[in-house]
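Remarks on the structure that follows.
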Amino acid sequence: MKRTIPQAICLMIGIVMVVQFFVPHPISLQFNSMILKWVIVLTAFAMVLAIGNLIMHHTAKIEKKREGWYYSLVTLISMVVMAIIGLCLGVESESLFQKIYLNILAPLGSTMFALLAYYMASAAYRAFKARSLEATLLLIAAFVVMIGFMPFGQYLHPKFPAFAEWVMQVPNMASKRGILFGIAFGSIATALKIILGIERSWLGGKE
């Protein structure tokens with residue numbers, strides 16, 4: 001029963017939501033609005049569970065003095081401080097939140113992206129080695145695009161920047177749309193597997 005009832009609810013709601021999407025009736029629209037409100041409520045409960053899980057995970061890490069436990073301490077302290085600011089200061093918290101964001105979070109984000117640039121450069125160096133036809137095409141396309149968008153590309157040939165733009169807008173866009181189609185079909189297949197009860201990992205536990 002612990003699995004049958006959730007699967008039955010998932011099947012019923014899934015089919016109803018799919019059907020109502022194609023039925024522009026006021027009752028259907030009202031039902032969709034009601035379900036979206038329930039989703040917000042469930043998301044709030046899920047947030048509570050996520051916060052509890054976060055606290056348990058980092059608390060255990062601090063107690064056992066695992067590697068990097070001091071980062072867990074910073075995480076918990078930051079979470080508590082931000083919660084106190086949001087709950088106790090009310091309207092005044094907006095300006096304080098903004099100051100914390102601009103002076104702490106934004107510089108940390110910039111630092112993270114700056115570090116990612118080095119990892120991306122390293123990955124690009126390994127990927128752009130012409131070991132196969134696909135890798136050679138990737139290397140040539142990357143070279144054309146980089147040179148074309150640099151001021152130096154115009155000195156090589158007046159039409160070089162336009163060719164680089166064509167590479168970005170036509171072959172690259174076609175590949176990107178193919179990937180997006182694959183993601184869309186994969187999402188639909190996964191949703192159908194969950195609705196029909198084929199995929200049961202979301203229930204937790206063993207099959």
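Below is a table of values for the structure above.
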| read-out | value |
| --- | --- |
| Of all residues making up region 34-66, the number that are among the aliphatic types (A, V, I, L, M), in contact (Cβ under 8 Å) with a residue 12 or more places away in the chain and within 17 Å of Ile77 (Cα to Cα) | 4 |
| Number of the condition not met by Phe160 [criteria: (1) among the hydrophobic types (A, V, I, L, M, F, W, C); (2) free of Cβ contacts under 8 Å to residues at least 12 places away in the same chain; (3) over 30 Å from Thr4 (Cα atoms)] | (2) |
| Of all residues making up region 161-207, the number that are aliphatic (A, V, I, L, M), surrounded by fewer than 11 Cβ atoms within 10 Å (Cβ to Cβ) and within 21 Å of the chain's Cα centre (by Cα) | 5 |
| Count of residues meeting criterion [aliphatic (A, V, I, L, M) and either at pLDDT 90 or above or not in a helix (DSSP H, G or I) (or both)] in region 189-199 | 3 |
| Top-ranked residue of region 3-49 - restricted to ones that are among the polar types (S, T, N, Q) and modelled with pLDDT under 90, ranked as farthest from Ile195 (Cα to Cα) | Gln30 |
| Residue match in region 90-98 (condition: part of a helix (DSSP H, G or I), free of Cβ contacts under 8 Å to residues at least 24 places away in the same chain and charged (D, E, K, R)) | yes |
| Single unsatisfied condition, Thr59 versus (1) within 28 Å of Gly197 (Cβ to Cβ); (2) surrounded by 11 or more Cβ atoms within 10 Å (Cβ to Cβ); (3) of a type in the set (Ser, Thr, Tyr) | (1) |
| Residues of region 3-28 classified as free of Cβ contacts under 8 Å to residues at least 12 places away in the same chain and not aliphatic (A, V, I, L, M), total | 7 |
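Condition check ((1) over 30 Å from Ile15 (Cβ atoms); (2) modelled with pLDDT under 80) across all residues:
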site	(1), (2)
Ile140	yes, no
Pro158	yes, no
Pro171	yes, no
Ser187	no, no
Ser201	no, yes
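The values are calculated or read from the model by the stated rules, or taken from the named source; none is laboratory data. Remember, predicted model here, so these are calculated numbers, not experimental data. Counting neighbours? That spans all protein chains shown, and the Cβs are built from the backbone with ideal geometry, glycine included.
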